[in-house]
């Protein structure tokens, strides 16, 4: 079923200045028509068993208890929230790129809105949500909560933050691991630029801490297609003074091949660590992100 | 290289446009704040050097495109290693074919008229101060004596030139022109040969000569461009009187002469009832309306006329067929010297008691030579024979004779031999019979120069009885004019006469030259019977046996009279230099020595006259005139002397108007590296190329297209090609 946000491009939604309003438009548009689940217990922390009643899903029956007692029990989890999610948002310089086809929407804009939508949806589903922003180091850490007031805090932080500086995903993520005491779902929103090996090493670290990871990789259409013509000077967004003057048409093919190689390495690495890598382009609707999240959440159930 | 539109060369400066655009674009670059620098930097690092090279290549091609376009529009011309000729004056030699085949016409216009008009235009169109020379191939002479810069004089002279001359000899003409070109001053030279490309003018046998002549041209300091200009419109229809045959070697007054005209139809159309007329001294023979002959396509026929000359002296016989465009061969002329008397001096080596004693060595011969005189008959003999003993022969009576007959002469003194030597050298005829008195040592010694062959010994037996003779004259087919009469048995035969004895002539030493002795007839023993030798301008015939009946029975045979007469007439006919000449053959006349130093007046075929000096040569005054290129009648008149007719006929090979095919002409040109044109427009185009060089904008266009597509392809290739990453 189509929902309102499907007909709104990121450019249209950019006109909505309040992230909270934007999140509500998007999320409610997305969730309209979905059946609210009557069940609790999608968290990763076990709380108790309860007797099976008609209407419970059979797949939630604890068959080991049934084996012992010959009765049907359903597993329930301890947390008051169903899921602890932490959105890790990249605010490095490279996220400040706004391409020719994105209508002025930078990758960071797109990422913050995506984060807001996710947070809104999580909170309204009684899932806990936290936020980590970083560039070359962790800039802000908001631990996961499921209260609606907590959402305000996250959205304020998203609105406040500005991208800049270099990225070093590997180091930042290594620093982040000890801060995330309890295992949960990590949603990394980044362009993942940098050394693939470092990035995967950090992911492995997360996985070692038994975190589930979804990477929303944000691309601009220009970065995927390299459509530039005529002499162009490319100034690096992360490092001042790094610039290259060239005729991009001469390099386009080589660039695209290099890009494909980079993406391929990333996809393979993520698959290896059981990480969901979801690429986004800034001209795509946010609902794709929400669908990916929902798929992931249901997949965990 | 030269440029016809040099102003466009300024456009080469346009090559700076791509450079400027390149620099402009490079300076007006966009700035993009780029995030994925780690992806781009790696690509730049590995491809930077090659990209730079590729950019330079593309820039070079882009700069070349407007430059090549400008070059192309400037109309470049390639001259090879030639000098920049441009509008410089040239030295031009035109070889104009005015042989009589050029009279062939189509639609009323003669090939020669076309060729002459084209030549006039060609000369008229030469650059100012150019030098020109026109060689008339049929006549074998230059239009003017030498090359000239006064081109109007050349065109004026051309207006007076006509065709109708002898065969055009292309190699000889080229050879001649090579000499003239060498003296010309311009270093831009051309030879233009205007001809009808008649097949006979370019025979395969001339191929080598043609090559040599062209090679000579190429070796000149400034080798000319040689152009063949085909002005021939093929018209095969032509009838020619090819030759005339006379029944007598020498014609006497009152004698009946048969004149046989050989006529050939070269055309593909049959000519039934072709009218052929005979004129003697310019008048049609009274009482005859001419003869008619039917000729099939490409065949020949004969027409026979008879005539009796009633006056001695020089006469002209003309045989003419109905007119066709090629007039020169419709008429065949012959100059006939009609003799009143032919003087034969019989030198008797064993004279009888009286001059008409048949026992004398020359008795039978005298009767045979002047039968009417001897028989006291009221008819005139052609030959007047006089007999002198061996010692009676002297320089005077020898020089006054037409033929001298030595009969069984033992020997002559040195003065007599000297007189005979001069006599024969100047064209006199000497007939020598051997006999029992013949001194072999004298024959082989002092007389050896005149004797055709040396005597080696005696054959047969002089005393053999009749019927036991050792030899006869071998029956054979004779090729010699004096003997061919006996090929017809009705005229008698030499083979029925017995030869008892003879002198054995030694086998001739062959040198391969024209003066080698020839055996005219042999005995059946294999020894020579009659031998002939050319000596100077005269001839000597020697017989191995006697003139009388001492050693043979010939005098008693019917064949004796015609044999002796024809031998004398044959030898006498050579006394006069030939009056029937081929084109280009020298006209010679012998006159009394008293006329030497005076001038003879020669009337040419076109009725103009020239004065020719009479030069003393030996005992004679001699007139020589070599410029006989124009076929027709030449009349030589010496003050106080008779009018003598000379006839010049062109080689009838020229009558075959068959033309070379275009493919053959092209092959000829290709073989010798010549150019062929068919019209003024083609010549002008060729001249333009030769003068200014060949326009080469087409290759430039090709280069331009290659560059345009190349730029496109390379750009795509460089942009899309596989890169190292």
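All of the numbers you see were taken from the coordinates with simple rules; none came from a lab. Bear in mind that the values here come from a model prediction, so they are computed numbers and not experimental data. Neighbour counts are summed over all protein chains in view; Cβ atoms, including those assigned to glycine, are modelled from backbone coordinates with ideal geometry.
Within 10 Å of each residue's Cβ, count the other Cβ atoms and sort A:70, B:651 from fewest upward.
By the 10 Å Cβ count, ascending: A:70, B:651.
Determine the distance separating the Cα centre of the range B:610-672 from the Cα centre of the range A:98-156; give it in Å without decimals.
About 122 Å separates the Cα centre of the range B:610-672 from the one of the range A:98-156.
Take chain B, drop everything but the C-alpha atoms, weight them equally and run the Debye formula without solvent; then report log10 I(q)/I(0) at 0.10, 0.11 Å⁻¹ to two decimals.
After summing over all Cα pairs, the log10 values are -1.08, -1.19.
Would you give the gap between the C-alpha center of the range B:534-565 and the C-alpha center of the range A:209-259, rounded to a whole Å?
The distance from the Cα centre of the range B:534-565 to that of the range A:209-259 comes to 126 Å.
What percent antiparallel are the DSSP beta bridges of the protein assembly as shown, to the nearest 5?
If we restrict to bridges inside the protein assembly as shown, about 55 percent are antiparallel.
Please state the relative contact order of the range B:239-339 as a whole percent: Cα pairs under 8 Å, 6+ residues apart?
35 percent
For chain B, find the longest principal axis of its Cα atoms and tell me its angle to the long axis of helix B:560-572, 0 to 90°, nearest 10.
Around 50 degrees separate the two axes.
Got the relative contact order for chain B handy, in percent, Cα pairs under 8 Å and 6 or more residues apart?
Result for chain B is 14 percent.
On average, how many beta carbons from a partner chain sit within 10 Å of the beta carbon of a residue in A:192-200?
Details: counts 0, 5, 1, 1, 0, 0, 0, 0, 0.
Mean number of neighbouring Cβ atoms from other chains: 1.
Note the angle between two axes, namely the Cα long axis of helix B:170-183 and the longest principal axis of the Cα atoms of chain B, as a number of degrees from 0 to 90, rounded to the nearest 10.
So the inclination is approximately 60 degrees.
How would you rank B:399-412, B:209-222, highest first, on the average number of other Cβ atoms within 10 Å across their residues?
B:399-412, B:209-222
What shape does the range B:112-186 have by the C-alpha gyration tensor, where a ≥ b ≥ c are the square roots of the eigenvalues, rounded means a/c under 1.5, and otherwise prolate means a/b greater than b/c and oblate the rest?
On the way: a/c = 2.02, a/b = 1.14, b/c = 1.77.
It comes out oblate by the Cα gyration axes.
For the protein assembly as shown, what class follows from the C-alpha gyration tensor (a ≥ b ≥ c being the square roots of its eigenvalues): rounded when a/c is under 1.5, otherwise prolate if a/b is larger than b/c, else oblate?
Taking the square roots of the gyration eigenvalues as a ≥ b ≥ c, the protein assembly as shown is prolate.
Give the separation of the Cα centroids, the range B:315-346 to the range B:457-492, in Å.
35 Å
Out of all DSSP beta bridges with both ends in the range B:343-572, state the antiparallel percent to the nearest 5. Write down the numbers at each step before the final one.
On the way: 19 of 40 bridges.
Roughly 50 percent of the DSSP beta bridges within the range B:343-572 come out antiparallel.
How crowded by other chains is A:91-102, given as the mean number of beta carbons from other chains within 10 Å of each beta carbon?
2
Determine, for B:549, B:299, the number of other Cβ atoms within 10 Å of each Cβ, and report the residues in order from fewest to most.
Least crowded to most crowded, the residues run B:299, B:549.
May I ask you to sort B:50, B:264 by Cβ crowding, counting other Cβ atoms within 10 Å and putting the fewest first? Could the numbers behind the result be given before it?
On the way: B:50 14, B:264 20.
Lowest to highest Cβ neighbour count: B:50, B:264.
Helix B:697-720 against the longest principal axis of chain B: what's the angle in degrees, Cα atoms only, rounded to the nearest 10?
Approximately 40 degrees, to the nearest ten.
What is the range B:210-269 by shape, rounded, prolate or oblate, if you read a ≥ b ≥ c off the alpha carbon gyration tensor as root eigenvalues and call it rounded for a/c under 1.5, prolate for a/b larger than b/c, and oblate otherwise?
Note, shape of the range B:210-269 comes out oblate.
Counting only other chains, what is the mean number of Cβ atoms within 10 angstrom of the Cβ of each residue in peptide A:236-244?
4
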